[in-house]
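What follows is one structure encoded as structure tokens, with my remarks underneath.
Read the figures in this text as sums done on the coordinates, not as results from a lab. From a predicted model like this one, the values you see are computed outputs, not experimental measurements. Every residue, glycine among them, receives a Cβ derived from its backbone with ideal geometry; neighbour counts consider all protein chains shown.
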Amino acid sequence: MNNFSDISEQKLISSVPKNFKRVLFVCLALLVLCAIASLVLGSRVVRLQELLDGLFHPDAESYGANIVRKRVARTVFALCCGAALGVSGSLMQSVTRNPIADPSILGVNTGASVFVVSGIAFLNISAAHQYIWLALIGAAITAVFVFGIGSMGRGGATPIKLVLAGAATSAALSSVVSAILIPRSYVMDQFRFWQVGSVGSGSWSVVLTLAPFLVIGVVTAILTAPALNALALGDDVATGMGVRTGVLRLISALAGVILCGAVTALAGPIGFIGLLATHVMRLVLGPDLRVVIPMSALSGAIILTISDILGRLLGSPGELEVGVVTAFVGAPLLIFLAIRSKVRSL
Amino acid sequence: MRNDTIAFIMSGRRQRRRRWVLVTCSLALLAVLLCCAMLLLGNTIYPVKEIVRALFGEQVKGVSFAVNTIRLPRMLAGLFSGMAFGMAGIVFQTMLRNPLANPNIIGITSGSSAAAVFCITILHSTNAVVSVASVVAGLITVLIMYLLSRGRSFSIGRLILIGIGMQAMLDAVVSYLILISAQQDIPTALRWLTGSLNGSQMKELPPLLITVIVLAPILIALSKHLSLLELGEQSASSLGLNTDKTRIVLIVSAVAMVAIATATTGPIAFVSFLAGPIATRLVGAGHSNVVPAGLVGANLVLGADLIGQFLFEVRYPVGIITGLLGAPYLIFLLIQMNRKGEL
């Protein structure tokens, strides 16, 4: 590696991308539009008057206004989950230096599921704040396990090794989940909504439970972003620039796990948001993580909310869980990345 | 000196042949025993004599219904789907020269599942239509994957990644179809998520039986070529094999078997993945292991179903048992492959 390329990389990542303001504006506009659409659309479309009543007149009593109030909490929850998953995806991709990393692809979601389901079945846990911790432990153990298997052997953690390790672990763990659930219909009932991934359970108390984890995760991600930029140049370069790569990896991975574990505990396993959100932002803004990480939160929130709206419209009069929609949107991206990437890096 | 060498090779060959015959016969015997157990065991254990009489068409009160309507179809579904999964699995694994490349992991079963669920819940099709549709969907899935992974240079890693992506999408389709299907169709449709022999009926079986009986001989006959294909494309063609034609026949037959088996029992997890490596370990590499793999597959499904039915307080569908057995092996295999740097 010669000095010139280092310097030019350095320059590249120290300036804000030219189109940043435009992208930020478009994203914020989209976010507002999504939020409004999420309040208005669904199995029953509300009228403007009902929307305004629901939002600004707490005493207004109409069916539509009540629907809007219900949808407000759901929308906020969807936005928070999307943001958390988006940032989590960026972190995991940076830590593993791997474009195909995402909590769902790495099987971390399923790891959280196993712990939560076991907690419900064997420890009689039923409160959200209790199983959030179980989910975090499950997610962390799985992340370590999958990354351990994926990085064995020559060449470290290549995408194909990580994805296979994730898929295999996920398959093993989902058999465990089914085996625990099938004989216990009461657990099954409690967790039907959960198994597929849905933000339908969103309420203000759930949002409040998620909030501290979201804040801790996102703040950590933003703080570590400059160091992660250095890590993207390779471990040697990063060490040369004064980054303690081991500590950095640990902290960032922990933040990623906290974010996706908390979402999985509250909303169930929702896949591919991290993959989608980060790649879209990388595509428009370039590789600078100081920009990409916060913007991934925005794009994740947008993508998850759109998917939720789509699910409500497609599944009407019931609803199609958002996890199903995101798989359908996200999997093609995975395929595309697989096609585009060079053979050697697989 | 030369004669000695030839004699040495010949004796080694005979020895391997003997091992093959021995293993295959034991596997067949085990399968027969498991089939008997499937007929014998249940809520009520009837005397063997009465079961045999019922099987030969005599009306024995109670026994006839339990054996002919419940246990026999279940046994046949398990036996034949296991054989189909096992044979098709090893064909893919040998052809692509990678144990991970099997219908389960690269998404072919998901394609067939999606088509079967669509036909059953939305179109309310007959069995024949469901079978045809699932085969067609399986073939289309293979074709799409082939086209997507073709590119400048073919890589098995890329194929597997694409397969995992396709699988995620197709599984999402299955979930959607189950969601919008009528309430009374859901129990049947749920079978396509795990794979189960519960509720197998005699009238559902003919497509599976016919496919296995017709296609298994073709796969066995071509399996000699399969070991040539294993040597790699160039060696195979220089040994005088029409690689393209052989490959197409093999792929179509294998996909048809997997698809029909999936349409009958649902995607029983990991059987097509496990059968090949187990058979190879038992028989030794360098053989045409299609027959032993088919038998291993049948034993796996029947054994897992017996475990699922009787070992626990609750009846587990067979797919969960094979999942619990197969997934750790997959992880073990991955660790091994990573260590050797094969991925």
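Summary table below
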quantity	calculated
Kirkwood hydrodynamic radius over Cα pairs of the stretch A:20-340, then Stokes diffusion coefficient at 25 °C and 0.890 mPa s, in µm²/s	123 µm²/s
Distance between modelled label sites at B:Lys245 and A:Leu123, nm, 7 Å Cα→Cβ extension	6.4 nm
Number of Lys pairs (Cα under 21 Å; 8 or more positions apart or on different chains) in the protein assembly as shown	5
Protection proxy ranking, peptides A:172-180, A:219-227, A:59-67, average beta carbon neighbours within 10 Å, highest first	A:172-180, A:219-227, A:59-67
Binned Cα-Cα distances of the stretch A:271-346, short to long, each 5 Å bin given as a whole percent	3, 16, 20, 20, 18, 12, 6, 3, 1, 0
Ranking of B:Cys119, A:Cys80, A:Cys260 by count of other Cβ atoms within 10 Å, fewest first	B:Cys119, A:Cys80, A:Cys260
Backbone HN-Hα couplings from phi across the stretch A:76-88 [Karplus 6.51/-1.76/1.60, Hz, Gly and Pro as x]	4, 4, 4, 4, 5, 4, x, 4, 4, 5, x, 5, 4
Rg followed by Dmax, in Å, when the stretch A:30-161 is reduced to its Cα trace	20.4, 66
Solvent-free Debye scattering, log10 I(q)/I(0), computed from the Cα coordinates of the stretch B:81-338 at q = 0.07, 0.13, 0.14 Å⁻¹	-0.22, -0.78, -0.91
Candidates A:Gln130, A:Gln49, A:Gln93, ranked by Gaussian network fluctuation over chain A, Cα under 10 Å, top entry	A:Gln49
Net charge of Cβ neighbours under 13 Å - reference A:Thr75; Lys, Arg +1; Asp, Glu -1	+4
Derived scalar couplings ³J(HN,Hα) [the stretch A:305-310; Karplus, 6.51 cos²θ - 1.76 cosθ + 1.60; whole Hz; x for Gly, Pro]	5, 4, 4, 5, 4, 4
Calculated on alpha-carbon atoms, Rg and Dmax of the protein assembly as shown in Å	27.2, 104
In Hz, Karplus ³J(HN,Hα) per residue of the stretch B:112-122 (6.51, -1.76, 1.60; θ = phi - 60°; x = Gly, Pro)	5, 4, 4, 5, 5, 4, 4, 4, 6, 7, 9
222 nm mean residue ellipticity, helices alone, for chain A (DSSP H n ≥ 4; -39,500 (n - 2.57); rounded to 500)	-26000 deg cm²/dmol
